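First comes the structure, then the notes that go with it.
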Ligand code: ADP
């Protein structure tokens with residue numbers, strides 16, 4: 001939502017601009033009456049914040065001029081002039097609300113939002129369009145009760161479209177309302193990104209229902225076929241075994257979907273961070289994968305610094321590492337190796353590597369490997385859900401980290417997690433006293 005502040009007290013104007021921008025408004029400033037009058041008449045704003053005592057042209061004259069020209073932009077008068085007469089004059093001239101200086105910024109923002117809503121015929125902060133609900137107070141969007149993850153600009157764009165739903169909005173109008181007048185934007189890429197957010201959500205629901213329905217269909221059909229006629233007891237045992245195996249796949253998938261839903265709902269937040277020894281994380285992954293490693297004759301070795309401690313959402317980091325080690329074992333050949341190592345790099349970030357000498361990933365698959373439900377061509381028939389790596393990525397990015405992979409078909413893979421230095425809570429102190437070249441953990 002775009003606001004013009006007409007205020008000659010420059011420090012106050014700048015502070016207001018900053019405060020409003022932090023709340024997602026787009027703000028233009030005019031520091032005298034002439035400039036303010038020109039901008040208000042030239043550009044379409046969602047609200048004007050108008051001081052009354054201005055050099056050159058005063059606030060009431062600006063307001064009168066706008067209304068005489070039929071400009072209905074909502075106007076909130078903000079002034080140090082406290083007398084009732086001024087307020088009445090302002091409101092009679094067509095102002096929509098009035099706030100005396102000094103004012104409370106939160107109140108100002110609440111009033112601005114209410115003014116904008118009312119000017120669009122909305123009385124509630126919740127805007128609903130189909131299955132889309134936009135909460136303009138918390139700036140959050142849900143679709144079919146699922147929270148969408150949008151950037152500030154994507155939110156602004158969607159909010160504006162929703163406020164004007166049913167009306168065709170031109171690109172120019174969008175630009176004018178969601179960007180400051182001096183901003184250059186690429187409307188195409190913004191719309192394309194928004195489209196991708198919707199598409200990926202639609203795809204996730206479609207893929208999830210497809211992946212769940214397939215094993216359920218197998219179970220149902222198997223039961224129907226088995227019940228068609230009398231069978232030998234061994235055949236019943238076979239059917240039960242097959243149902244057991246399909247149920248295992250469904251359980252795996254449902255667990256992964258729940259993990260993703262928890263991540264989407266904001267599982268990772270600094271308030272849930274706790275101190276964790278990296279060696280404990282590694283030990284957890286090794287312990288839980290030991291049966292699988294034994295079954296597949298894979299040797300898992302570790303190379304990590306015993307002293308390293310970090311602050312993170314422990315269960316999430318455990319899950320991420322477990323996923324990578326499990327993959328290293330599963331997509332490997334008998335007698336193969338998986339190596340987990342942790343180091344601090346020269347930027348003092350924490351680096352966790354999971355390296356295997358197994359199947360590797362072909363270049364065509366590599367670029368899509370972190371997508372939800374993506375399985376490489378060689379493993380499409382495996383029991384995996386194709387969600388593991390997207391969960392790992394969401395966990396790492398939730399901790400402000402990044403994950404990359406280097407791999408060649410037939411030569412193995414190396415997944416590298418880099419977590420910000422702010423996350424490492426011990427050993428950095430004494431590392432900082434040692435020369436830069438010695439900063440790598442063993
Ligand atoms: P899945 O549950 O299918 O394993 P992931 O998201 O964990 O799902 O992995 C996606 C795909 O990436 C897997 O199906 C597999 O093809 C490939 N992959 C993942 N890790 C490795 C690895 N260490 N080596 C080879 N291929 C891998």
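Examine region 250-271 for a residue that is outside the structural domain of residue 341 (by TED's automatic domain parsing), at pLDDT 85 or above, on the phi < 0 side of the Ramachandran plot and over 25 Å from the mean Cα position of the chain (by Cα), and state whether such a residue exists. Yes, some residue in region 250-271 is outside the structural domain of residue 341 (by TED's automatic domain parsing), at pLDDT 85 or above, on the phi < 0 side of the Ramachandran plot and over 25 Å from the mean Cα position of the chain (by Cα). In region 292-310 there is at least one residue that is under 30 Å from residue 149 (Cα atoms) and either in the same structural domain as residue 396 (by TED's automatic domain parsing) or touching a helix residue (DSSP H, G or I) at 6+ places or on another chain (Cβ under 9 Å) (or both).
Given the condition crowded, with 22+ Cβ neighbours inside 10 Å and either over 22 Å from the mean Cα position of the chain (by Cα) or near the ligand (Cβ under 8 Å from one of its atoms) (or both), answer yes or no: does some residue in region 342-350 qualify? Yes, there is a match, as at least one residue in region 342-350 is crowded, with 22+ Cβ neighbours inside 10 Å and either over 22 Å from the mean Cα position of the chain (by Cα) or near the ligand (Cβ under 8 Å from one of its atoms) (or both). Within region 106-137, the set of residues being under 27 Å from the mean Cα position of the chain (by Cα), exposed (fewer than 13 other Cβ atoms within 10 Å of the Cβ) and in a helix (DSSP H, G or I) comprises 106 only. Of the residues examined, residue 315 is one that is modelled with pLDDT of 90 or more and over 30 Å from residue 335 (Cβ atoms).
Residues are listed down the side, and each one gets a yes or a no for (1) within 10 Å of the ligand (Cβ to nearest atom); (2) at pLDDT below 90; (3) in a loop (DSSP other than H, G, I, E, B); (4) not assigned by TED's automatic domain parsing to the domain that holds residue 260:
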position: 328; (1), (2), (3), (4): yes, no, no, yes
position: 338; (1), (2), (3), (4): yes, no, no, yes
position: 364; (1), (2), (3), (4): no, yes, no, yes
position: 430; (1), (2), (3), (4): no, yes, no, yes
position: 434; (1), (2), (3), (4): no, yes, yes, yes
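Of all residues in region 380-391, at least one satisfies being more than 21 Å from residue 319 (Cα to Cα), within 11 Å of the ligand (Cβ to nearest atom) and under 29 Å from the mean Cα position of the chain (by Cα).
Those strands (runs of 3 or more DSSP E) of region 1-79 in which 3 or more residues are touching a residue at least 60 places away in the same chain (Cβ under 8 Å) occupy 26-30. Listed by first and then second residue, the pairs with beta-carbon distance under 6 Å, at least 6 apart or on different chains, first residue in region 275-291 and outside the structural domain of residue 320 (by TED's automatic domain parsing), second in a helix (DSSP H, G or I), form an empty list.
Just one of the listed residues (234, 230) is modelled with pLDDT of 85 or more and not in a helix (DSSP H, G or I), and it is 230.
The values are calculated or read from the model by the stated rules, or taken from the named source; none is laboratory data. Bear in mind the structure is a predicted one, so any value in this text is a computation, not a measurement. Here Cβ is always computed from backbone atoms with ideal geometry, including for glycine, and neighbour counts include all displayed protein chains.
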